1. In whole Hz, what ³J(HN,Hα) sequence does the stretch 153-161 give by Karplus (6.51, -1.76, 1.60; θ = phi - 60°), x for Gly and Pro?
2. Around Thr136, which amide H atoms from residues at least 5 apart in sequence, or from another chain, sit under 5 Å from its own amide H, with H modelled in the peptide plane?
3. Quick one: 3J(HN,Hα) in Hz for the stretch 165-173, Karplus 6.51/-1.76/1.60 with θ = phi - 60°, rounded, Gly and Pro as x.
4. Send over the Kirkwood Rh of the stretch 107-188, from the inverse of the averaged 1/r over different Cα pairs, rounded to one decimal Å.
5. Cα gyration tensor of the stretch 100-152, axes a ≥ b ≥ c as square roots of the eigenvalues: rounded (a/c below 1.5), prolate (a/b > b/c) or oblate?
Amino acid sequence: MRKQDQWPVRAMRGLRPDRNPLRRRVDRIETFVFGGLLVAALTVAPLAAASASHQAYDSTLRAAQAQRLAGQHVTATITTTPASALDGYTISSMVPARARWELPNGQTRAGQIAVPAGSHLGQAIQIWTDASGTVTGPPLTRAQAADQGTFAAIMAIVVTLASCLALATITRVAANRRRLAAWAADWAVTAPRWNRQRW
């Protein structure tokens, strides 16, 4: 076995509880904590991801339903020539244009809306407005809800793993302090005898 292939074996052997007389109680506690955190990461992360994804998806769908109920789908007529699709070094698929639209209650509104590039004066465009007639974005789609669910799942996994890593780091720091204190206490007892033997 090559040297680069041996380090995982050594690492696993170092984490394995055994009867090694050089292994202190704090070493065994640290091993059990690391093992528990590993099990927690492997079990909690998928559960947290599934739960977060489900909640985010349902929440987004409820928000989309509320948007559909509160909004109005109306037809706007472009009243000015839309701006050019060229914007510096980029080409936009939507461009601003002035338009006029009529609400279901008969009131007329006018303002600037985003229209597809290539639209022309007098063209009818479907837009969404709120109850007062102000232009709003379209309700969220199921695909967007799925994207929100995926993002929530990823964040849940990241938070779970980061929490386990933080706890592992805290455990390692605390264990190292205990080890250093124990070594210092042992050396305080051993040093005088060792120095006498040297002289």
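1. 5, 4, 5, 5, 5, 4, 5, 4, 5
2. The list, which skips near neighbours in sequence, is Trp128, Thr129, Asp130.
3. 5, 5, 5, 5, 5, 4, 4, 5, 4
4. Numbers: mean 1/r = 0.0520 Å⁻¹.
Its Kirkwood hydrodynamic radius stands at 19.2 Å.
5. On the way: a/c = 3.48, a/b = 1.70, b/c = 2.04.
Judged from the Cα gyration tensor, the stretch 100-152 comes out oblate (a/c at least 1.5, b/c at or above a/b).
Throughout, read-outs are computed from the coordinates displayed, never taken from laboratory work. As the structure is a computational prediction, the values presented were derived from the model and not from experiment.
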